[in-house]
Structure formats: C-alpha cells, structure tokens
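Step one of this worksheet: look at the structure below.
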Amino acid sequence: MQAMVLDRAGGKLSLREVAMPVPDDRQLLLRVRACGVCRTDLHIVDAELERPKLPLIPGHQIVGEAEDGRRLGVPWLGWTDGECRYCASGRENLCDAARFTGYDIDGGYAEWVVADERYCLPLPEGFDDLQVAPLLCAGLIGYRSLRLVGDGERLGLYGFGASAHIVAQLAAHEGRRVFAFTRDGDVEAQAFARELGAEWAGSGAPPEELDAAIIFAPAGELIPAALRAIAKGGSVVCAGIHMSDIPSFPYELLWGERLLRSVANLTRRDGEEFLALAPRVPVRTHVETCPLVRANEALDKLRRGDVRGALVLIP
C-alpha cells in the first residue's frame, strides 16, 4: 500500500510502498477513506513533540471502512491499560501507558490502517467522509475544552482554525457570545469567524470582559493576554498539546479566582457525547482537501496558517 512516512523528526514525509498492516485479535483492518490534518501532526513532524515512533505514518483523524462495511472513526487515543488510577477513575486520557494514533501507532496518512476496535468510534449519519474527519480531533478537543471552560456567556477563542471553527458553532448553539481572536490583520479569518456566529473578531483586547477563553494557537504569550481579558472567576483553557514557553506575568492576572488549566487528549466518552451532539447542532465543517501524496504541501499550508477551516487528505 502507499503511505506517507516520517523517517526523522524535523524532516519531510516520504511517499513509500509499505507492507499492508496486519490486525491482531483486538484490531480491525480499515480502508482509509479520509484523514484530517491536525496541528498535532505538524508538532510531531517538526520535532516539537518528543519520542514519536520512527519510522512513523502520521494521522489521527481517520475515517475508515471495516471489512464488514462499517464506517468508523479512529481518533488520537488508540489504547490505554484500563487498570491504572487514571483509567479506573474515568480519566483514561491521562493514562501513563496510553498509546496514540499517528504517534505511537501508525496512523491514517496511508491507504490502510489497523486500529483497536475498542477505541474506534461509530460515525453519525448525515456527515460525509470529508465533513466528519475533522470532528475526530479538532471537534473532540474543542468539545472537551468547551465543557471544561465552564458556563460563561462571553467566550473568547484564541486562534481561529479547525477546532475554533467547530467550537464557535457549539457555543452559538448553547446561546453563548463568541469573541474570535486572530493574527493581526487576518481579515479573512475574522470574516470567517463572523460567518460562524462570532459577534466580534480581531486581535488585541476584546471590546468587553470575557467570562472564559480557550486558547488553540500554540503561542504561550496568549496566556497572559487571555487572563487579562477575562473577568474575575473566569477560566482559561489551553487546548493544544504543545505551546511555546509562557512568559512571566504578574500574579494579579491570576488573582480573583481566575482558573488556568490544560486539556489533555480525549476519552471515548467525549467521542460518544460529541458525535451524538454534532448532528443536532448541526455542526458543519469547512474543509479543504488534498491528495495523500501531497501531505507535505498540506502541512506547509497549516504551518503558514493558510487554511480556512480544516484540511483533509484523500488516499
């Protein structure tokens, strides 16, 4: 089969003919119908995340078809031990032994993939392969972040990419007011945010205090900015798996019972809840497609911030 393979962190992917994967007793063999391109893939390729399996086939927003015809989603969480204190307390996303798709396990930048059936997600009707692929990480992490940020009405979204364009729709569905933060002068992203329900889109300080904020952009300097923007008792959630160093900031920005926390990975329950909710909103993903063989070009577009919505590879 054809696959895009990473041989060295910090290098480029290579198009390769590789052996078909062979499933074990708990795995399914899936034909890849589509695979979303995630910023986490970029962090892995750019050597910002340590210890990936090498050589590696990236990709963890996989829409696959099983041999019995079922359409299943393969997300980032690929395996946990089921026994540690985190798994036993409903926090399998924090399992120290967890294995992740497209990082510890070969992923979906390929024509075929194997995945543990217990961690595959049935996909809702009403979404084609391209629309549903971004829900499997951009949507899931956004959903988990929104649940953890609290019930605040005025929500700031920092970095209006794949996750934020989904979360904006969830937040509007819940009756929240959305404030979208983009790069300075990015009028196209600002217009896109307003199309999806944001009442304000721009850079710098928002026009009024926020109750909560989610930071999707991997820029540590946004944390003091977000803390400065939220009201007392508000929450800031960092949704990315990697972020540049956080600059020092005065304690007064955190004081006033403001809460700062990260979101790590996802649980299968997150997947079940979100994929049941998405058709009811309904969530509509905005997708740009790219052939599998041009995965490096797709990653370059993401690296430049030149994507409206989400990117999806097609084998």
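With the condition kept exactly as written, say whether any residue in region 218-238 is in contact with a Phe, Trp or Tyr (Cβ under 6 Å, 6 or more places away or on another chain), assigned to a loop (DSSP other than H, G, I, E, B), assigned by TED's automatic domain parsing to the domain that holds Y158 and of a type in the set (G, A, S). Among the residues of region 218-238, not one is in contact with a Phe, Trp or Tyr (Cβ under 6 Å, 6 or more places away or on another chain), assigned to a loop (DSSP other than H, G, I, E, B), assigned by TED's automatic domain parsing to the domain that holds Y158 and of a type in the set (G, A, S), which makes the answer no.
Rundown of residues vs (1) modelled with pLDDT under 95; (2) surrounded by fewer than 18 Cβ atoms within 10 Å (Cβ to Cβ); (3) in contact with a strand residue (DSSP E or B) (Cβ under 8 Å, 6 or more places away or on another chain); (4) of a type in the set (D, E, K, R), yes/no style:
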site	(1), (2), (3), (4)
W76	no, no, yes, no
S89	no, yes, no, no
C95	no, no, no, no
F100	no, no, yes, no
I105	no, no, yes, no
C120	no, no, yes, no
E125	yes, yes, no, yes
D128	no, yes, no, yes
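Screening the candidates G107, G64 for the property of being touching a Ser or Thr at 6+ places or on another chain (Cβ under 8 Å) and either assigned to a loop (DSSP other than H, G, I, E, B) or not assigned by TED's automatic domain parsing to the domain that holds G240 (or both) yields one hit, G107. Among the residues of region 64-96, those that are aliphatic (A, V, I, L, M) and out of contact with any Cys (no Cβ under 7 Å at 6 or more places or on another chain) comprise A66, L77, A88, L94. Of all residues in region 247-270, those that are surrounded by fewer than 18 Cβ atoms within 10 Å (Cβ to Cβ) and on the phi > 0 side of the Ramachandran plot total 2. Close contacts from region 90-101, counting a first residue that is in a strand (DSSP E or B) and a second that is among the aliphatic types (A, V, I, L, M), with Cβ to Cβ under 9 Å and a gap of 6+ residues or different chains, come to R99/L77; R99/I105; F100/L77; T101/I62; T101/V74; T101/L77; T101/V113; T101/A115. Listed by position, the strands (runs of 3 or more DSSP E) contained in region 247-315 that have at least 2 residues being closer than 24 Å to P75 by Cβ, at pLDDT below 95 and of a type in the set (S, T, Y) form an empty set. Cβ separations smaller than 8 Å between residues 6+ apart or across chains give the following pairs from region 26-39 residues that are under 11 Å from V113 (Cβ atoms) and in contact (Cβ under 8 Å) with a residue 60 or more places away in the chain to residues that are part of a strand (DSSP E or B) and among the basic types (K, R): R33/R71.
The values are calculated or read from the model by the stated rules, or taken from the named source; none is laboratory data. These numbers come from a predicted model, not from an experiment. Methodologically, a virtual Cβ is constructed for each residue, glycine included, from the backbone with ideal geometry; neighbour enumeration extends over all protein chains shown.
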